[in-house]
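These notes concern the structure reproduced below.
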Amino acid sequence: MDLTKALGEIKAGKIEYRTDKSGNVQTSIGKASFDETALLENYLTLIDTIIKVKPSGAKGQYLKSITLSTTMGPGVHIDTLKANNGK
């Protein structure tokens, strides 16, 4: 409810993500105006965060597939093994 606090958190880089019943994660990692390195940094930070919040009871492969897309564009599939290694 505190607008100045919320704006400060957003400017500092706070990212909110949501999941559905199937475990799909939906979030934004940047805008089209961002340069390549900023988008990559945001992507790697998101993947690291998702891996860190993995429940201790989760067994097997945690990230089964990753797809990036623009708002109304086609999805691009990302290799999950490379995503897990942060490369």
Quiz item: Where the accessible area of segment 20-87 is counted over protein heavy atoms with a 1.4 Å probe, how much of it, in %, is carbon and sulfur?
Solution: 55 percent
Exercise. Could you pull the accessible area for residue 14 with a 1.4 Å probe, rounded to 10 Å²?
Key: 100 Å²
Quiz prompt | residue 27 accessible area, assembled protein chains, probe 1.4 Å, Å² | solution = 50 Å²
Practice problem: Using a Gaussian network model of the chain whose springs link C-alpha atoms within less than 10 Å, name the residue from 69, 28, 56 with the highest mean-square fluctuation. | Solution: 56
Quiz item: Stokes-Einstein D for segment 30-87 at 10 °C, 1.306 mPa s, Kirkwood Rh over Cα pairs, in µm²/s?
Solution: 125 µm²/s
Quiz prompt | Per residue value of the accessible surface for the chain (all protein chains in place, 1.4 Å probe), Å² | solution = 86 Å²
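The values are calculated or read from the model by the stated rules, or taken from the named source; none is laboratory data. Here the structure is a predicted model, which means the values were calculated and not measured. When the accessible area is computed, the model is the full protein with side chains, heavy atoms only, and any ligands, DNA or RNA have been set aside. Shrake-Rupley method; radii C 1.70, N 1.55, O 1.52, S 1.80 Å.
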